[in-house]
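All remarks here apply to the structure that follows.
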Amino acid sequence: MSQFDVTVIGSGPGGYVAAIRCAQLGMKTAIIEKYPVLGGTCLNVGCIPSKALLDSSEHFENAKHNFANHGIIINEPKADLSRMIERKREVVDQTTKGIQFLMDKNKITVFEGVGSFESPTQVKVTKNDGSTETIESKYSIIATGSKPSTLPFITLDKERIITSTEALELKEIPKHLIVIGGGVIGLELGSVYKRLGAEVTVVEFMDKIIPTMDGALSKELNKVLRKQGMKFNLSTGVQSVERNGDTVKVTAKDKKGEEVTFEGDYVLVAVGRKPYTDGLAVEKAGVDLDERGRVKVNEHLQTNVSNIYAIGDVVVGAMLAHKASEEGTLVAELIAGQKPHINYNLIPGVVYTWPEVASVGKTEEQLKAEGVAIKIGNFPMRALGRSRASGDVDGFIKVIADEKTDEILGVHMIGARAADLIAEAVVAMEYRASAEDISRMSHAHPTYAEAMKEAALDATGKRALHF
Ligand code: FAD
Ligand code: NAD
């Protein structure tokens, strides 16, 4: 029987990063992945393919609507969805091959097959052809991720009633895409098909889109996406979804309790994701799950079985690739006897619509609910020279600081390249910077980042210079 110090089950951004860090720390490491391709949800059917399609569709949108304003005259552009999907596959292929390369480089043994516990120290790998191999491991890290969730009354036919996985592989541009759920997936993939010419209607149960982010961001994103032609039905609870030939019908109750129906040719169900432990046989190792099916862990991501850890989407917390990766690193270092730490408050969240939305720290709503005395600085993107030069004038940066100490407690932004700009806020908050600190740092001109300095100036005595 092969013997390992650590066996990682699942090769997503949690699992493969954990494996690399374990190998870097000198441990003999194995990784088990049930699919022939490494990289998990994020690389295969999540972050990377969705961003590839977001970029392609954004180029199309610009060619169609914005080039002429920049003085670029082209023939009417046409969207070739099959090429976009093919390009997306090429991007995924390059990225997943990169993970295989990293496994080889770090001398990590890759097992292809479903991993299932036989005992706390033995994991069985069942290959596609049914053959099995059992390996012995001092430690195991469960990194089996998540799958799309749905609503009890919906039958996903994966043709017209689809999840994000199928939405990344469509063969035609929908005429009318109905999106159930105004969260991250709904808005990102809704944006892709809106830009390519589909009518897009979002049906959201809560009274705002991206409901967990700062309220000012939901409001502004709603406004900008409506301007782009997306339709929103908020406070509307879906009750049934039916397919009849090529037509799908969604029936819902609006906020007045009245029945509303939406007819289209595709329905994207984007109501969240659920932890995935099917086939893992956690019970044979004695590992407990919580009431929502997540692997139960303590603050060190250790399960109730002391040599088994769990990370990423399969445990509590934000379902984000970079959160999974941080946890992978943390567990590897803990096993190696180090004392790592993750500040979960400083894990940024990003929505890759255009403009992008990005956030770190606490929202205004959270801080008010906690009774923290705060001050807020805002700066609109349209007041920047950089924004006018590019034409990307929508959005703002909002800096929330402690009323007394001036420490930055939250930064919420919507605007061009916000996904990259948020890194400045993460650094600032990691070093517990005050708004005054940011307001005194030089920011290159002309950049979108100047809005961060201006918002910090606004937070510290309403001193913004350009607004
Ligand atoms: P996963 O990536 O889900 O990987 C788990 C792996 O374990 C899978 O490969 C699975 O096959 C394997 N596995 C499961 N059970 C077994 C078993 N018993 N044996 C062997 N292998 C097994 N996050 C971001 O931060 N940024 C984004 O832009 C972003 N975009 C997204 C877009 C979409 C459309 C979706 C769906 C998700 C997106 N996410 C994004 C979320 C991100 O993909 C997840 O948070 C991340 O993949 C979680 O990583 P993980 O390692 O925990 O699990
Ligand atoms: P989500 O939690 O972001 O959004 C789900 C939305 O569906 C919520 O707004 C919720 O109120 C709504 N909803 C729930 N039940 C409903 C109902 N019955 N009718 C109408 N609306 C309903 O989930 P998601 O968009 O499916 O994404 C899943 C996960 O994947 C998220 O946790 C997210 O973190 C991750 N993800 C991240 C990114 C990114 O980082 N850019 C991109 C895609 C996905």
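Things to note:
- Residue-level accessible surface for Lys105, protein heavy atoms, 1.4 Å, Å²: 130
- Bridge orientation summary for the chain: considering DSSP beta bridges with both residues in this region, about 60 percent are antiparallel.
- Span per principal axis, largest first, for the Cα atoms of the stretch 109-251 (Å): 57, 40, 28
- With the whole protein complex present, Glu326 retains an accessible surface near 100 Å², based on a 1.4 Å probe.
- Separation of the Glu436 and Glu283 label points, Cα + 7 Å toward Cβ, nm: 6.1
- Percent of C-alpha pairs per 10 Å bin in the stretch 415-460, short distances first: 27, 61, 12.
- Distance between the stretch 181-218 and the stretch 353-396 - C-alpha centres, whole angstrom: 18
- Rounded to the nearest 10 Å², the accessible area of Tyr139 at probe 1.4 Å: 70
- Cα-based radius of gyration of the stretch 224-365 once divided by 2.2 N^0.38 Å, which approximates compact folds: 1.43
- Proximal lysines relative to Lys362, as straight alpha-carbon distance under 24 Å, when same-chain residues fewer than 8 apart are discounted: Lys208, Lys219, Lys223, Lys323, Lys375, Lys398, Lys404, Lys453, Lys462
- Bins of 10 Å from zero: percent of alpha-carbon pairs in the chain: 4, 18, 26, 26, 19, 6, 1
- The Cα center of the stretch 225-253 and the Cα center of the stretch 35-76 differ in position by 25 Å.
- Based on C-alpha pairs under 8 angstrom that are at least 6 apart in sequence, the stretch 161-271 has a relative contact order of 35 percent.
- Taking the chain as a whole, the Cys residues whose C-beta sits 4.7 Å or farther from every other Cys C-beta are Cys22.
- Ranked by the mean number of other Cβ atoms within 10 Å per residue, highest first, peptides 393-399, 213-219 order as 393-399, 213-219.
- In nm, spacing of pseudo-spin labels at Glu118 and Asp93 (7 Å Cα→C-beta vector): 3.8
- FRET E, pair Lys107, Glu407, Förster distance 45 Å, beta-carbon r, rounded to 0.05: 0.55
- Separation of alpha-carbon centers, the stretch 281-352 and the stretch 161-176, rounded to whole Å: 32
- Based on the Kirkwood approach, the hydrodynamic radius assigned to the stretch 81-168 is 16.7 Å, with every pair of different Cα atoms included.
- Shape call, the stretch 346-459: gyration tensor on alpha carbons, a/c limit 1.5: prolate
- Cα→Cβ-extended label distance, 7 Å offset, between Lys175 and Leu465, nm: 5.5
- Per residue accessible area of the chain, 1.4 Å probe, in Å²: 46
- Of the peptides 114-124, 224-234, the order by per-residue mean of other Cβ atoms within 10 Å, starting with the highest, comes out as 114-124, 224-234.
- The share of accessible area on the stretch 161-271 that comes from carbon and sulfur is 49 percent, using a 1.4 angstrom probe.
- Accessible surface of the stretch 346-459, 1.4 Å probe, proportion on carbon and sulfur as whole %: 51
- Translational D in µm²/s for the stretch 1-121 (Stokes-Einstein at 20 °C, 1.002 mPa s, Kirkwood Rh from C-alpha pairs): 128
The values are calculated or read from the model by the stated rules, or taken from the named source; none is laboratory data. In this text the structure is predicted, and so the values were computed from the model without any measurement. Positions of Cβ are backbone-derived with ideal geometry, glycine not excepted, and every protein chain shown enters the neighbour counts. Accessible surface areas use protein heavy atoms only, side chains included; no ligands, DNA or RNA. Shrake-Rupley method; radii C 1.70, N 1.55, O 1.52, S 1.80 Å.
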